[in-house]
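Step one of this worksheet: look at the structure below.
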């Protein structure tokens, strides 16, 4: 995609005055933000896109002809973005019915009633040991934060168990039993997720399906 856009600029198909705007680190932030929003990560995508657009305002004003000043950015734009981020976080928390984790700590958890996890971490982290007898999947979402989840003291139910992981500028580490069979679907941009366990997975009727999506981040299974 970037190569095609670069070629279009070199061929004169796209206006040359937009070249330094589109092909820049700010433009990359906007692109990653849009991708994150399209994947359902509305909070993280909006944060990245907002930072990218605000950083491009001086260049955009010269090309598009609107008035811009640094005072405008500091007095109006950044407070507006902070308010928007707060509203998005509150909305996301309401839909998931779980509080956002606000500090990094090691915790032994057996509070979940259904055996599922639902972590939403924004600029912070959590280190948790899952103690319920059966793990039934769930979601882990991080934005500029990290999560470490130890599942070595639990077990999988029969059939497939799905765990969704989404992270922007963050990381996720899972500690799993050596004999768990894991099927990993990795859809990441400038990031990745890998199984680093040195063992032969046992072929059983119990599988953990991990759908991982990382943007400028990564994670692993240990």
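Here is how the numbers come out for the structure above:
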quantity: Residue in the stretch 160-175 that is within 20 Å of residue 37 (Cα to Cα), at pLDDT below 90 and not in a strand (DSSP E or B) present; calculated: yes
quantity: Residue selected from the stretch 205-222 under the condition part of a loop (DSSP other than H, G, I, E, B) and touching a strand residue (DSSP E or B) at 6+ places or on another chain (Cβ under 6 Å), by the criterion farthest from residue 121 (Cα to Cα); calculated: 222
quantity: Residues that are surrounded by fewer than 16 Cβ atoms within 10 Å (Cβ to Cβ) and modelled with pLDDT of 75 or more, drawn from the stretch 24-41; calculated: 24, 34, 38
quantity: Count of residues meeting criterion [free of Cβ contacts under 8 Å to residues at least 40 places away in the same chain and surrounded by 14 or more Cβ atoms within 10 Å (Cβ to Cβ)] in the stretch 156-183; calculated: 4
quantity: Residue among 44, 52 that is buried (at least 17 other Cβ atoms within 10 Å of the Cβ), part of a helix (DSSP H, G or I) and modelled with pLDDT of 70 or more; calculated: 52
quantity: Unique match (being at pLDDT 85 or above and either over 17 Å from the mean Cα position of the chain (by Cα) or assigned by TED's automatic domain parsing to the domain that holds residue 29 (or both)) among 150, 118; calculated: 150
quantity: Long-range neighbours under 7 Å by Cβ, at least six apart or interchain, first residue free of Cβ contacts under 8 Å to residues at least 12 places away in the same chain within the stretch 13-41, second surrounded by 16 or more Cβ atoms within 10 Å (Cβ to Cβ); calculated: 16/9; 19/9
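The values are calculated or read from the model by the stated rules, or taken from the named source; none is laboratory data. Owing to the predicted nature of the structure, the values given are computational and were not obtained by experimental measurement. As a convention, Cβ positions derive from the backbone with ideal geometry for all residues, glycine included, and neighbour counts pool all protein chains shown.
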